[in-house]
There are 2 protein chains.
Amino acid sequence: MSNFDEKIVEYKSVLEPKLQTLIEQADIPEELKEAMLYSVMAGGKRLRGSLLLHCCGLFGGNTEEALPLACAIEMVHTYSLIHDDLPAMDNDDFRRGKPSNHKVFGEAAAILAGDALLSFAFETMMNAIIANGYGKHLTDAAAYLTKALGASGMVAGQVLDMRQEKNADESEIMLKSIHEKKTGAIIEASVVAGCMTARADKKTIEALSEYGRLFGLLFQITDDILDVTGNIEELGKSTGKDKNSGKLTYVKLFGLEGARDLAAAVAVQAKDCIRNIGVSDGFLSELIDFTLVRTF
Amino acid sequence: MSNFDEKIVEYKSVLEPKLQTLIEQADIPEELKEAMLYSVMAGGKRLRGSLLLHCCGLFGGNTEEALPLACAIEMVHTYSLIHDDLPAMDNDDFRRGKPSNHKVFGEAAAILAGDALLSFAFETMMNAIIANGYGKHLTDAAAYLTKALGASGMVAGQVLDMRQEKNADESEIMLKSIHEKKTGAIIEASVVAGCMTARADKKTIEALSEYGRLFGLLFQITDDILDVTGNIEELGKSTGKDKNSGKLTYVKLFGLEGARDLAAAVAVQAKDCIRNIGVSDGFLSELIDFTLVRTF
């Protein structure tokens, strides 16, 4: 295993038991807990939580303190998938190779499991702030994450996406604006919040914010490519959906080769922006290479 | 107008413009903002926010500092109503005398408006904590509210309510447990958070917590009574729903007169528990009397 693969496995092995323990030990009705755990423990790369933990450690922070925030961001990501899959939204029957939450527990329970995960993410962050002495660094990190997932971030992205589907406004600016909010904001915030938990300086945070923004963009472009080239077994979710729904994607806008070229260019920019501030970090750099060639 | 009525009008007149400004001035896509404001500005008594502001002022706190938290709790209350009214949940077409959110904006937009309001409530609380110097008192109050609205509080109550409808478990213990979480937790937390923003002592917080718990119970009993005796014009929502859905209510369990007797007994207890710690406060006492005879 490469050093990068080892790191990915390591972060996942720290995040998943903590996620499970946090939810299992809370005073939550059994059927709600079951629906929450079904989706939270369904796997996934845990990229957002790993980025937060990694950036915290990279700049000398205490990853024990940051762990609840990393778990919170994974809960938020899971809630967004549960609500996105609902019949009234994307109406998706599969997620991570398993029936989606509402297919197993019903629509009402899935709405509530999503609401509960979002709320529990906040509860987890507030508990971490209090347990660690009301520190400014954790409060700032939690506030940054909170803004990214909300009405001007992730939820806004979902709303703009719906608007685009209705109006078929096929511009790159529109597409970028949707994805910067819908998937990019949370990824960027995971990186920045990690830096904040380590009390990194302003210049570092700005450079890492740009790295996070570019990584989010790369992630979305490769997601659009995989919707065309990937297969359901490896991805664990339906493919060809964007094309069938007439949704605007990078592939639709630039063609498959054009999208691949754009991804390569963004990858170079992302690696540059950490190199430029003198941060030499294998993980953040390899994460870009990994994403560029990912098949899942 | 009585002193109590004046206070109710005063709190409402402080809360509503602030709620509107907070949402209007945020960087939120127009269609999302519209759906959020439609339900947030649909009126209502603003009891939760008023209780928070009142308890803050009563114990010498700075109500300017507490105002964003009071607005946050009104946003949370509104999100819970939007999601409760969804077709997959209670399937209610009317709320506060107007078509419910999903009837106007569609189901997907209503789910997202709810998600956005919940997220924006947290964002508002985090901003208040940071703007007021990371104070312990505001962080504690925000954490208390957060726990009350989540997976072990309000969302848990909604899940238990669904379980009861399936199993028809007609016990008073079950009914109390549902409502202590579903409506009671947020009301109690509004009172306690108000005390916390004023840095009230432990004994005061405990007594006010008990007052809040009993007020929440009284509110629910009178809600069940109004479902039988109220009319749609005054209430602004459908009546007779509980009976038609076979839902367990205090009226079903004790009969109309029995429920009225119980409400009267709870009212006495609630007033006692503030008198016992030497707090003589007209508003909190009159709120109990008002609730006992309310018709809306």
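Observations
- Number of residues in segment A:207-222 that are of a type in the set (Ser, Thr, Tyr), within 17 Å of A:Arg294 (Cβ to Cβ) and surrounded by fewer than 23 Cβ atoms within 10 Å (Cβ to Cβ): the value is 0.
To keep it simple, each residue is scored yes or no on (1) part of a helix (DSSP H, G or I); (2) away from chain B (no Cβ under 13 Å); (3) within 16 Å of the chain's Cα centre (by Cα); (4) farther than 30 Å from B:Arg163 by Cβ.
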{"site": "A:Ser13", "(1), (2), (3), (4)": "yes, yes, no, yes"}
{"site": "A:Asp27", "(1), (2), (3), (4)": "no, no, no, no"}
{"site": "A:Ser50", "(1), (2), (3), (4)": "yes, yes, yes, yes"}
{"site": "A:Glu74", "(1), (2), (3), (4)": "yes, yes, yes, no"}
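- Looking across A:Ala142, A:Ala42, one residue alone is of a type outside the set (Lys, Arg) and part of a helix (DSSP H, G or I). It is A:Ala142.
- Flag for A:Thr197 being polar (S, T, N, Q), closer than 20 Å to A:Lys45 by Cα and in contact (Cβ under 8 Å) with a residue 12 or more places away in the chain: no
Yes/no matrix, rows are residues, columns are (1) free of Cβ contacts under 8 Å to residues at least 40 places away in the same chain; (2) of a type outside the set (Asp, Glu):
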residue	(1), (2)
A:Asp5	yes, no
A:Glu10	yes, no
A:Val14	no, yes
A:Leu19	no, yes
A:Glu31	no, no
A:Ala35	no, yes
A:Ser39	no, yes
A:Ala42	no, yes
A:His54	no, yes
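- The single condition among (1) under 22 Å from A:Leu149 (Cα atoms); (2) open to solvent by less than 30 Å² (accessible area, probe 1.4 Å) that B:Tyr134 does not satisfy is (2).
- Candidates in segment B:137-147 are the residues that are facing another protein chain (nearest Cβ under 8 Å) and open to solvent by 10 Å² or more (accessible area, probe 1.4 Å); of these, the one that is nearest to B:Asn62 (Cα to Cα) is B:Asp140.
For every residue, the table says whether it meets (1) farther than 17 Å from A:Ala121 by Cα; (2) open to solvent by 10 Å² or more (accessible area, probe 1.4 Å); (3) without any contact (Cβ under 8 Å) to a residue 60 or more places away in the chain.
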{"position": "A:Ala26", "(1), (2), (3)": "no, yes, no"}
{"position": "A:Gly49", "(1), (2), (3)": "no, no, no"}
{"position": "A:Gly61", "(1), (2), (3)": "yes, yes, no"}
{"position": "A:Leu69", "(1), (2), (3)": "no, no, no"}
{"position": "A:Ala88", "(1), (2), (3)": "yes, yes, yes"}
{"position": "A:Asp92", "(1), (2), (3)": "yes, yes, no"}
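- Residues in segment B:71-85 that are touching a residue at least 60 places away in the same chain (Cβ under 8 Å) and among the aliphatic types (A, V, I, L, M): B:Ala72, B:Ile73, B:Val76.
- Failed item, numbered, when A:His54 is tested on (1) modelled with pLDDT of 95 or more; (2) over 30 Å from B:Phe105 (Cα atoms); (3) surrounded by fewer than 23 Cβ atoms within 10 Å (Cβ to Cβ): (3)
- Taking segment B:180-192 as the range and being of a type in the set (Val, Ile, Thr), away from every other protein chain (no Cβ under 13 Å) and either under 10 Å from the mean Cα position of the chain (by Cα) or surrounded by fewer than 21 Cβ atoms within 10 Å (Cβ to Cβ) (or both) as the test, the residues that pass are B:Thr183, B:Ile187.
- The helices (runs of 4 or more DSSP H) falling completely within segment B:147-217 that include 2 or more residues that are acidic (Asp, Glu) map to B:154-167.
- Residue pairs whose Cβ atoms lie under 7 Å apart, separated by 6 or more positions or on different chains, with the first residue in segment A:273-285 and on the phi < 0 side of the Ramachandran plot and the second loosely packed, with under 11 Cβ neighbours inside 10 Å, are A:Ile277/A:Lys203; A:Gly282/A:Asn3.
- Qualifying residue in segment A:52-62 (condition: in a helix (DSSP H, G or I), touching a Phe, Trp or Tyr at 6+ places or on another chain (Cβ under 8 Å) and within 14 Å of another protein chain (Cβ to nearest Cβ)): no
- Test: residue in segment A:102-123 that is hydroxyl-bearing (Ser, Thr, Tyr), under 28 Å from A:Cys55 (Cβ atoms) and without any contact (Cβ under 8 Å) to a residue 60 or more places away in the chain: yes
- Matching residues in segment A:148-179 - criterion: being farther than 24 Å from B:Tyr79 by Cα, within 11 Å of chain B (Cβ to nearest Cβ) and free of Cβ contacts under 8 Å to residues at least 40 places away in the same chain: A:Lys166, A:Ser177
- Filtered by the rule that a residue be open to solvent by 60 Å² or more (accessible area, probe 1.4 Å) and under 24 Å from A:Gly114 (Cβ atoms), segment A:13-24 gives A:Pro17, A:Lys18, A:Gln20, A:Glu24.
- Residue within segment B:108-118 that is part of a helix (DSSP H, G or I), at the interface with chain A (Cβ under 9 Å from one of its Cβ atoms) and open to solvent by 20 Å² or more (accessible area, probe 1.4 Å) present: yes
- B:Glu34 meets the stated requirement of being surrounded by fewer than 22 Cβ atoms within 10 Å (Cβ to Cβ) and assigned to a helix (DSSP H, G or I).
- Restricting attention to segment B:80-107, the residues being at the interface with another protein chain (Cβ under 8 Å from one of its Cβ atoms) and part of a helix (DSSP H, G or I) number 2.
- Filter result (in contact with a Ser or Thr (Cβ under 8 Å, 6 or more places away or on another chain) and on the phi > 0 side of the Ramachandran plot) within segment A:117-144: A:Tyr134
The values are calculated or read from the model by the stated rules, or taken from the named source; none is laboratory data. Since the model is a prediction, treat every value here as computed from it, not as a measurement. So basically every Cβ, Gly included, is an ideal-geometry build from the backbone, and we count neighbours across all protein chains shown. The accessibility values were calculated without ligands, DNA or RNA, using every heavy atom of the protein model including side chains. Shrake-Rupley method; radii C 1.70, N 1.55, O 1.52, S 1.80 Å.
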